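S.K.: Would you mind keeping the following structure in view while I ask a few things?
The values are calculated or read from the model by the stated rules, or taken from the named source; none is laboratory data. All values derive from a computational prediction rather than experimental measurement. For neighbour counting, all protein chains shown are included, and Cβ atoms are generated from backbone atoms with ideal geometry for every residue, glycine included. Side chains included, ligands, DNA and RNA excluded: accessible areas come from the protein's heavy atoms. Shrake-Rupley method; radii C 1.70, N 1.55, O 1.52, S 1.80 Å.
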Amino acid sequence: MSAQTRRQVTTDDRADPQVASKSAALKRRRFADLIGRIVVTTGGIGIIICILAILVFITVEVMPLWKSVKSELAGTFVLRESPELASYFLDYSPSTSEFPFLATGGDEYGEVGFVITRDGHIDFLSLTDGKTIKDIPLSKIEGQRVLSVFVSDNNRIYALGTQDGYILPVKVTFNVTLADDGKRIIDPGVSEEEPIQISPLPLMKVAFQQKNDEAFGAAAVTLDNKLLLFSQEESTSLLGGGEKRQHLGDLTPKLGSRRVTTIELDDVLNNLYVGTEEGKLFHWDISNKDSPELVEVVDATGDSSTAITALAFLIGDRSLVVGDEAGDVSVWFQVEDPTSPKGKRLKKIHVLDSLETPITAISPSPRNRGFLTGDQEGNVVLYHATSEQKLLQLNAEKEKISALSFSPKANGFLAIDQKGKLYNWHIDNPHPGTTLKTLFGKVWYEGYSKPEYVWQSTGGSDSFEPKFSLTPLAFGTFKGAFYALFFAIPLSILGAICVSQFMHPTLRNTIKPVIEIMAALPSVVLGFFAGLWLAPHIEKIVPAVFLMPLVITILTLLSVFVWQYVPKFIKVRFMDGTELFLLIPVIILGVLLSLWLNTPIESLLFGGDYKGWLYSLLGLQYDQRNALIVGFAMGFAVIPIIFTISEDALSSVPKNLTAGSFALGATRWQTAIKVILPTASAGIFSAAMIGLGRAVGETMIVLMATGNTPLMDWSIFNGFRALSANIAVEIPEAPVAGTLYRVLFLAALLLFLVTFIVNTAAELVRQRLRRKFGQL
């Protein structure tokens, strides 16, 4: 054909309207395909970017948990150079007289500080320039020399022990107002209570706690080493009248010849602790003020030549910090002990890093389980008791720390050394108790008899010790997923085998969409149904629930056996695969029979009370909302996912493998188990892993169908708390940027990583199974 003829044919084809229409349609399809690829690709990339952005955001919120403590020396003031304070140093030298400053403190804004002097004055000074703001003499002990000071009520009450045997409780106040220009004005003041005479001799050590204006207690050590206990209580009658009762007791006989070095009272006036020069720690029960009882004497230092030099209670007044002459620091509290007459015994719980020089001062944090210690060499160390961390160490020019005070907001402290220098330090320490041990290890918490994994983020008072162990939450997450998959995987995979290999295609095309629709049920509906309806009903029929699998299996096998002897003319009336519907009445009969047997079985095997039998024989307690309920509810939510993917994998097995198996004489069941199931194993494994990911991340079902108790117990009759449910419960109440807030983000990060690891492992195993069995 000539070139001219070919051009003519082409021109004629182009002129043909049908050909032109097909060409235009082809172009439109190609354009639509291009748009589709762009949209899908863009969407996929966008999803990946969003996931990465979420991961970055979560990581950014978690990172501050691991930041180290920051400190800044805001100011150093030489008290002896202040004109108002220099007079206190006129007669002072380390060899001839006692140090003139006994205590220090400041306001919550870190602008005004004060010092308490031996001459009975409280001098307020600016923490900006060190200038004296106000000098207030204590009028009720005018002319008396102050020998000792005790700080209580989170640094709000100062009890002064005098040379004449009096204790004067003093409250330091800061009245804050705003000027017209918006500047804050702080007016410090002092409120003096009535002095309490304990002894005619000088009080070398004092301790004081006040319940209210009329009820208080005090302990004191006199110049001749006598230990005295004083208390005042007010009894009230039904008519409203009251009578004050005072008690003064001498506890010295119990001490023997031991010399007291430090004393401490708790805020409820039930316990008195006394440290001695021989390293002994005496514990008195003073709840009965008429008859104090010496409960125990413990060797706190381990060396009779090492004295206890400082005692202080952490916030809450249950954990006692002990500092000694060797620089060792430890935390003690009472734990249960059946061998003790009181049922409890004082025990050393936390041992912290030693300073190796005598501890001279301890100041507990008013906000958390942290505390400061000062030593003979001028070191000031910030500890945290729960995490057993040494967070920060500062030095005050190698001079003994004589007075130490944490700021009211725990964001700084004041310290006075032996040279009369006042140090004002600022601290940035937002998450002091966060370590790998406190987040994932066993910790011995206050009031517990041993170290445990505990999650308890809030309490009834400010003295509560936060417990942020994620281990019980991770355990609960996998416990719930395990019981859900234990219920869902057999039903899903066996159901998929039955539907794909044994049912008629018409039935398969109907049943599969119905099961897939189950996935559309909101999890909150399933959780509501499980928690409020299913759980109470299951509680009444637990023996029947565990009997059902056995009864239904026996009846099913009997039905299959009977079906073999059914006449052929009856069998042919059923389409291939539809005879399985005959099992529905058998299953219903098995359920009804199990429910009917519930009471007889409970009476026969469990004495009529399966709960009591479980508790008395196995030590298991039945909670109404437990892992059994979650297994049913969450398993129901997971079944559609596993079933759908498994059925697709089984149906995708090449037909030539099935035909070859049949040609070799294998039955349908043998073909399904030995040929189709191994070939589809990669897809089935992926289905199980996707179901695991769904169960691990489930929130509403585990939130509503369990007791949300963070227990570490595999019992199917106990509840649990999952990571996802914990986030949902706690995040609305968590202060932004607080420790709880960031720990919850850490829990979210763990969920993210677990899901990523599970999916990655699933894909690796799936690829290996595909290579092994050659699935297309």
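S.K.: Looking at this structure, is Ile727 free of Cβ contacts under 8 Å to residues at least 60 places away in the same chain and open to solvent by 30 Å² or more (accessible area, probe 1.4 Å)?
M.R.: yes
S.K.: Let me ask another. Could you tell me whether Gly189 is in contact (Cβ under 8 Å) with a residue 24 or more places away in the chain and open to solvent by less than 10 Å² (accessible area, probe 1.4 Å)?
M.R.: no
S.K.: Being farther than 14 Å from Leu248 by Cα and among the basic types (Lys, Arg) is the filter; apply it to the range 192-228 and report the residue that is least open to solvent (accessible area, probe 1.4 Å).
M.R.: The selected residue is Lys205.
S.K.: Only strands (runs of 3 or more DSSP E) wholly contained in the range 334-407 count here; list those with 2 or more residues that are surrounded by fewer than 20 Cβ atoms within 10 Å (Cβ to Cβ) and of a type in the set (A, V, I, L, M, F, W, C).
M.R.: 389-395
To keep it simple, each residue is scored yes or no on (1) closer than 17 Å to Val69 by Cβ; (2) out of contact with any Cys (no Cβ under 8 Å at 6 or more places or on another chain); (3) of a type in the set (Ser, Thr, Tyr).
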residue	(1), (2), (3)
Gln376	no, yes, no
Asn411	yes, yes, no
Asp417	no, yes, no
Asp428	yes, yes, no
Pro432	yes, yes, no
Gly441	no, yes, no
Tyr445	no, yes, yes
Pro451	no, yes, no
Thr458	no, yes, yes
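S.K.: Conditions: (1) aromatic (Phe, Trp, Tyr); (2) modelled with pLDDT of 85 or more; (3) not in a helix (DSSP H, G or I). Tyr565 meets all but one. Number of the miss?
M.R.: Single failed check for Tyr565: (2).
S.K.: How do the pairs read when you match residues in the range 688-705 that are at pLDDT 85 or above with residues anywhere that are among the aromatic types (Phe, Trp, Tyr) and open to solvent by 40 Å² or more (accessible area, probe 1.4 Å), using Cβ under 7 Å and keeping only pairs 6 or more apart or on different chains?
M.R.: From residues that are at pLDDT 85 or above, the pairs are Met704/Phe528.
S.K.: While we're here: List every residue pair whose Cβ atoms lie under 8 Å apart, where the two residues are 6 or more positions apart in sequence or sit on different chains, the first residue falls within the range 277-299 and is free of Cβ contacts under 8 Å to residues at least 12 places away in the same chain, and the second residue, located anywhere, is assigned to a strand (DSSP E or B) and crowded, with 19+ Cβ neighbours inside 10 Å.
M.R.: Matching pairs, first to second residue: Glu293/Trp284.
Residue-wise test of (1) open to solvent by 30 Å² or more (accessible area, probe 1.4 Å); (2) free of Cβ contacts under 8 Å to residues at least 60 places away in the same chain; (3) among the polar types (S, T, N, Q).
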{"site": "Thr667", "(1), (2), (3)": "yes, yes, yes"}
{"site": "Gln670", "(1), (2), (3)": "yes, yes, yes"}
{"site": "Gly707", "(1), (2), (3)": "yes, no, no"}
{"site": "Leu723", "(1), (2), (3)": "no, no, no"}
{"site": "Pro732", "(1), (2), (3)": "yes, yes, no"}
{"site": "Leu746", "(1), (2), (3)": "no, no, no"}
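S.K.: Continuing with the same structure: Would you mind stating whether Leu583 is within 23 Å of Glu539 (Cα to Cα) and assigned to a helix (DSSP H, G or I)?
M.R.: Judged against the criteria, Leu583 is not a match.
S.K.: Also, I was wondering about something else. Tell me which strands (runs of 3 or more DSSP E) are completely within the range 99-156 and hold 3 or more residues being among the charged types (D, E, K, R), open to solvent by less than 30 Å² (accessible area, probe 1.4 Å) and in contact with a Gly (Cβ under 6 Å, 6 or more places away or on another chain), or say none if there are none. Outline the logic, then answer.
M.R.: Values: elements: 101-106, 112-117, 121-126, 132-137, 146-152.
Fully inside the range 99-156 and qualifying: nothing.
S.K.: Quickly run through the range 493-529 and pick out the residues that are open to solvent by less than 50 Å² (accessible area, probe 1.4 Å), over 17 Å from Phe574 (Cβ atoms) and among the hydrophobic types (A, V, I, L, M, F, W, C).
M.R.: Result: Ile493, Ala496, Ile497, Ile515, Met518, Leu526.
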